[in-house]
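A short write-up of the structure that comes next.
The values are calculated or read from the model by the stated rules, or taken from the named source; none is laboratory data. As the structure is a computational prediction, the values presented were derived from the model and not from experiment. A quick note on method: Cβ atoms are made from the backbone with ideal geometry, for glycine too, and the neighbour counts reach across all protein chains shown.
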Protein chains: 2
Amino acid sequence: MMLRVPLDEVASTLAAVLVRTGFEPHRADLCARLFAETTRDGVYSHGLERFPRLLAMIRNGSVDVQATPQRLHQFGAIERWDGRRGPGNLNAWASMARAIELSNQHGIGCVALANTNHWMRGGTYGWQAADAGVIGICWTNTLANLPPWGASLPAVGNNPLIIAVPRPAGHVILDMAMSQFSYGALTSYQQKGQLLPVDGGFDLSGNLTRDPAAIEASQRPLPIGYWKGSGLAMMLDMIAALLSGGLATHQIPTDPLRESGLSQVFLALNLVRLQSAEDSARTANAIVESVLASNPGAVRYPGEQILVTRAENLALGLPVREELWAELRAL
Amino acid sequence: MMLRVPLDEVASTLAAVLVRTGFEPHRADLCARLFAETTRDGVYSHGLERFPRLLAMIRNGSVDVQATPQRLHQFGAIERWDGRRGPGNLNAWASMARAIELSNQHGIGCVALANTNHWMRGGTYGWQAADAGVIGICWTNTLANLPPWGASLPAVGNNPLIIAVPRPAGHVILDMAMSQFSYGALTSYQQKGQLLPVDGGFDLSGNLTRDPAAIEASQRPLPIGYWKGSGLAMMLDMIAALLSGGLATHQIPTDPLRESGLSQVFLALNLVRLQSAEDSARTANAIVESVLASNPGAVRYPGEQILVTRAENLALGLPVREELWAELRAL
């Protein structure tokens, strides 16, 4: 049974739980709001559904609720920060905020963050940048969950990459992992008894397949674009580990409940320093319109669907599974 | 018949042709060297084989051999340049060189270049950055040559993206277009009578296919990762057009011989300002080794094969088709 709960009620409920786990109140509020907004935007796998895992990782010591990020090194427009194993979404939010500040001063800003935790929905920090009027690019490494092209054992992460362009008529925000389908998506297709729309990985015999169960069995999801996404995943890991001085995928614990010590990169490009907001909006709109015009109604721009879902969930309340809501309220 | 011609002889032959078309000698030398090095590295489609097209575009007025890039705007670590329709590889080389300079000063540097021409092999500027010891990221937009996901008509470019990480034991350099296979690759498989190793696009009936001829007939190559590469192509175009103030894909002439006025972005991240070269090499090596270890001999890192080809072509001479070599020498 799916309930509909107003955003504010969801956020305050989660915040109260976080305060009881030891968060300072203003940090609890932000952390809770980011979870609630993720569900608001329809990214259910990384919103409320993910909250119990955060609590489990606080309990097992992977996440230190009181740790705040600390700057280790600065050179001009680039900075290296230590996340000190604090809550991943708070660390990431602070890092993108700092990258935006740096871009105000230098035109471009880069924060490399080591020693952090899962940032939950990566798109959050794209929306953060776009809402501030800057172009945002960020990515994270992850535990090894994807076989590189040519191998059957996981050795790269799916390393989500977010690219955000501000646009008054609707930000354009790409939020994509390097695997064609996440394990969450595979499970979802399987529960509905559906095949994937395109090949999503290999079966146990090494054949490409659209059967989600076969991919879960083989643990061989496919990188986007085969060898290309495999290479891109590796590059993102290298840059994150090099710039941050933190761990690379091969050093991150493979137990998802201990997936800590991640490395992330946050870039902000300050368009406002280059041209008027009107010129930017005109250019962005013309590009979006030209792409959508290639097949009106069928082609979407990245982020388009989120605004539709967001409006619906704000009007009706956030959809929350009844059992999950009871569990969260009892914490 | 394939000849083997020493690199220097190839470069000086091309340079002499360029001088006769009006290039200043030092610019002719660099332009010619970049073409020769592309063939040296095995990227034959964008080396000497591409040179006649440059000459055609000089003759039809798309490329101005004497134009040098001009800085229009600077704010801190980010600059906007006008390529003035000069030779694409010289403009791109100058832009990455400037991004590297900016990164020496600011830790990170960004050059956005408008109004330029085809940069030939994008990987060139990745090697340029890595040879200078910095992380390089660059991309270009192109004419519309790829249907976005959900459409059958081209409305995004295949917008090659290059990511380069310096490593003393062999730079790690990804050079990838947003289409799963270029038209050049499709032709090459077709000439050999081979099917593609994976689906590369749609046939005229709208079914995914590995038949390169069917994709050439439909003009519907596949973006990497389906909707993901389609979205990524759009983001790269948006950022390039917005930062440079130049043209977006929908504004670029669709005749390949008139594909001019491109927008490009060059980013340099100066690792040297953050940690020692030894620390960087250790981290980079460990990542490369961890990925290759997932299936030794079968998994490659991006750029690995280039070093093998480069060594062979330097030892034996560059492979050049006899007819092409006769044509180039007669120019």
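Miscellaneous remarks
For (1) of a type in the set (Gly, Ala, Ser); (2) within 14 Å of chain B (Cβ to nearest Cβ), each residue gets a yes or a no:
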site	(1), (2)
A:Gly86	yes, no
A:Ala99	yes, yes
A:Gln105	no, yes
A:Ile108	no, yes
A:Ala112	yes, yes
A:Gly122	yes, yes
A:Val134	no, yes
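- Every residue from the stretch A:123-136 that is surrounded by fewer than 24 Cβ atoms within 10 Å (Cβ to Cβ) and either at pLDDT below 95 or not in a helix (DSSP H, G or I) (or both): A:Ala132, A:Gly133
- Scanning the stretch B:139-154 for residues that are surrounded by 24 or more Cβ atoms within 10 Å (Cβ to Cβ) and within 7 Å of chain A (Cβ to nearest Cβ) returns B:Pro147, B:Pro148.
- First in the stretch B:202-216 and on the phi < 0 side of the Ramachandran plot and in contact (Cβ under 8 Å) with a residue 24 or more places away in the chain, second anywhere and assigned to a strand (DSSP E or B) and aromatic (Phe, Trp, Tyr), Cβ under 8 Å, 6 or more apart: B:Ile215/B:Phe202
- None of A:Gly136, A:Gly123 is farther than 17 Å from A:Arg33 by Cβ and out of contact with any Cys (no Cβ under 9 Å at 6 or more places or on another chain) except A:Gly136.
- With respect to (1) touching a His at 6+ places or on another chain (Cβ under 8 Å); (2) of a type in the set (A, V, I, L, M, F, W, C); (3) more than 10 Å from every other protein chain (Cβ to nearest Cβ), the lone exception for A:Ala77 is condition (3).
- Total residues in the stretch B:233-292, condition polar (S, T, N, Q), surrounded by fewer than 24 Cβ atoms within 10 Å (Cβ to Cβ) and closer than 22 Å to B:Arg50 by Cβ: 2
- Of all the residues in the stretch B:243-256, those that are under 17 Å from the mean Cα position of the chain (by Cα) and either part of a loop (DSSP other than H, G, I, E, B) or farther than 14 Å from B:Trp119 by Cα (or both) number 1.
- Leading residue by the ranking (farthest from the chain's Cα centre (by Cα)) among those in the stretch B:113-164 that are of a type in the set (Gly, Ala, Ser) and closer than 15 Å to B:Met235 by Cα: B:Ala155
- Test result for A:Ser62, within 20 Å of A:Ser244 (Cα to Cα), away from chain B (no Cβ under 14 Å), surrounded by fewer than 24 Cβ atoms within 10 Å (Cβ to Cβ) and under 20 Å from the mean Cα position of the chain (by Cα): yes
- One residue stands out in the stretch A:208-230 among those that are small (Gly, Ala, Ser) and assigned to a helix (DSSP H, G or I): the one that is nearest to the other protein chains (Cβ to nearest Cβ), namely A:Gly229.
One line per residue, one yes/no per condition, for (1) in a helix (DSSP H, G or I); (2) without any contact (Cβ under 8 Å) to a residue 12 or more places away in the chain; (3) buried (at least 19 other Cβ atoms within 10 Å of the Cβ):
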| site | (1), (2), (3) |
| --- | --- |
| A:Phe51 | yes, no, yes |
| A:Ala67 | no, no, no |
| A:Leu72 | no, no, no |
| A:Arg98 | yes, no, yes |
| A:Glu101 | yes, yes, no |
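- When A:Ala268, A:Ala240, A:Ala233, A:Ala185 are checked against the criterion of being under 20 Å from the mean Cα position of the chain (by Cα) and part of a strand (DSSP E or B), A:Ala268 stands alone in meeting it.
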